[in-house]
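Novice: Below is the structure I would like to discuss, written out as structure tokens.
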Amino acid sequence: MSRIAILDLGTNTFNLLIAEKDEQGKLVFIYSKELPVELGKGGIHKKEITPDATQRAINALHTHRNKMGEFNVDEYYAFATSAVRDAENGKDFTRRMRIETGIEIRILSGDEEAGWIYEGVKHASLLSKKPSLIMDIGGGSTEFIIADEKEIFWKKSYPLGVSRLFEIFHPADPIGPKKTEVEKHISGMLTDLFEVAKTHKPVELIGSSGSFESFAEMIIHRTTSGEKAINGYVFPLSEFEKLYDDLIISTVQERLQMPGLIQMRAPFFAYSVILAELALKTLYVKKMVLSRYAMKEGIANSLMAKRN
């Protein structure tokens, strides 16, 4: 049976997704793994990928490549995003990855990344006839897409990833004393989003993967027995507000103890909640939904659809 692998090489994590078609021709995701790499650590604000980050990337790609071999993957597709596309040594980095691991990497533009995120959310069957605001919080960038089930009306990638914000405002632990400064920085960059949203009037915010998965898992741990958040999970906004309040005043060490939060996200997670809260409040959106599918699922679905 034909299998493909998608390598989503983000600023904080390198993600591997392996997919195949079942007997009915339906796309099935059979393996998913994210490895912490922190590609932007120490260099994202200087537009460079450091030697230490490069070595972490090599190690992660070797691990993923071994797993692809175990699953007898027929083809792979590797895509790099914000940290690599913005780095002055980004092309040198991809060349080094090819030499060290044999993996060819394509660098996506921010516009392409936003488009693939839309395809992932569309594959999750969460879009309707009314416009939604899709938001994907990454390490190096955050993407916003206004779209419905048929088309994209507007999309843009902003250099507002949580690793980038962490490098700008570090040290801020807890972030509370710098919250207003952080919000001002973010709002100043999102003026065009706020304007275009007045025209399209999105009825909901769909949070794509990553940080939104952690928001959901944390709320579920607080309010229920702790089951897994599914595609289409609707956030109780009153509980999200409580989570927001707690994260703003928490230290990294306190966040490390919070059930539902993946440890590698703890240092950056206050920035995630500020980004999401600002979008909700500024755009007066009253509903927030989780999509567990994002860019890599969108790419996998598109590529497999072209196969016999």
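The values are calculated or read from the model by the stated rules, or taken from the named source; none is laboratory data. These figures come from a predicted structure and were not determined experimentally. Glycine gets a Cβ as well: all are built from the backbone with ideal geometry, and neighbour counts include every protein chain shown.
Per-residue answers, yes or no, for (1) closer than 16 Å to Asn12 by Cβ; (2) in the same structural domain as Leu7 (by TED's automatic domain parsing):
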{"position": "Thr54", "(1), (2)": "yes, yes"}
{"position": "Lys91", "(1), (2)": "no, yes"}
{"position": "Arg98", "(1), (2)": "no, yes"}
{"position": "Trp116", "(1), (2)": "no, no"}
{"position": "Thr142", "(1), (2)": "yes, no"}
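Novice: Looking at the range 85-98, is at least one residue modelled with pLDDT of 95 or more, under 17 Å from Met295 (Cβ atoms) and basic (Lys, Arg)?
Specialist: yes
Novice: Condition first: among the small types (Gly, Ala, Ser), out of contact with any Asp or Glu (no Cβ under 7 Å at 6 or more places or on another chain) and at pLDDT 95 or above. Now tell me which residues in the range 208-237 satisfy that.
Specialist: Listed by number, the residues that qualify are Ser211, Ser214, Ala216, Gly232.
Novice: Can you list the strands (runs of 3 or more DSSP E) lying wholly within the range 130-247 that have 2 or more residues being buried (at least 23 other Cβ atoms within 10 Å of the Cβ)?
Specialist: In the range 130-247, the matching strands (runs of 3 or more DSSP E) lie at 132-137, 142-147, 205-208.
Novice: Which of (1) on the phi < 0 side of the Ramachandran plot; (2) surrounded by fewer than 19 Cβ atoms within 10 Å (Cβ to Cβ) is the odd one out, the single condition Val84 does not satisfy?
Specialist: Only one criterion in (1) on the phi < 0 side of the Ramachandran plot; (2) surrounded by fewer than 19 Cβ atoms within 10 Å (Cβ to Cβ) is unmet by Val84, namely (2).
Novice: Same structure, new question: Mind checking whether some residue in the range 263-274 is in a helix (DSSP H, G or I) and under 18 Å from Ile117 (Cβ atoms)?
Specialist: Taking every residue of the range 263-274 in turn, at least one turns out to be in a helix (DSSP H, G or I) and under 18 Å from Ile117 (Cβ atoms).
Novice: Can you tell me which condition Leu35 does not meet? The list is (1) under 18 Å from the mean Cα position of the chain (by Cα); (2) assigned to a strand (DSSP E or B); (3) touching a residue at least 40 places away in the same chain (Cβ under 8 Å), and all the others hold.
Specialist: Leu35 satisfies every listed condition except (3).
Novice: Taking Ala305 and the conditions (1) exposed (fewer than 14 other Cβ atoms within 10 Å of the Cβ); (2) in contact with a Phe, Trp or Tyr (Cβ under 8 Å, 6 or more places away or on another chain); (3) of a type in the set (Gly, Ala, Ser), which numbered condition does it fall short on, given that it satisfies the others?
Specialist: (2)
Novice: Residue check: is Ser250 surrounded by 14 or more Cβ atoms within 10 Å (Cβ to Cβ), polar (S, T, N, Q) and outside the structural domain of Asp8 (by TED's automatic domain parsing)? Let's see the steps before the verdict.
Specialist: Values: surrounded by 14 or more Cβ atoms within 10 Å (Cβ to Cβ): yes; polar (S, T, N, Q): yes; outside the structural domain of Asp8 (by TED's automatic domain parsing): yes.
Judged against the criteria, Ser250 is a match.
Novice: While we're here: Here's a check for you: in the range 120-129, which residue that is out of contact with any Asp or Glu (no Cβ under 8 Å at 6 or more places or on another chain) and either aromatic (Phe, Trp, Tyr) or more than 24 Å from Ile186 (Cβ to Cβ) (or both) is surrounded by the most Cβ atoms within 10 Å (Cβ to Cβ)?
Specialist: Checked the range 120-129; the qualifying residue surrounded by the most Cβ atoms within 10 Å (Cβ to Cβ) is Leu126.
Novice: Which of the residues belonging to the range 48-93 are part of a helix (DSSP H, G or I) and among the small types (Gly, Ala, Ser)?
Specialist: Hits for the range 48-93 are Ala53, Ala57, Ala60, Gly69, Ser82, Ala83, Gly90.
Novice: Out of the range 10-32, which residues are of a type in the set (D, E, K, R) and either in a loop (DSSP other than H, G, I, E, B) or closer than 24 Å to Ser157 by Cβ (or both)?
Specialist: Asp22, Glu23, Lys26
Novice: Let me ask another. Among the listed residues Asp86, Asp111, which satisfies the condition of being among the acidic types (Asp, Glu) and more than 30 Å from Asp148 (Cβ to Cβ)?
Specialist: Answer to the check: Asp86.
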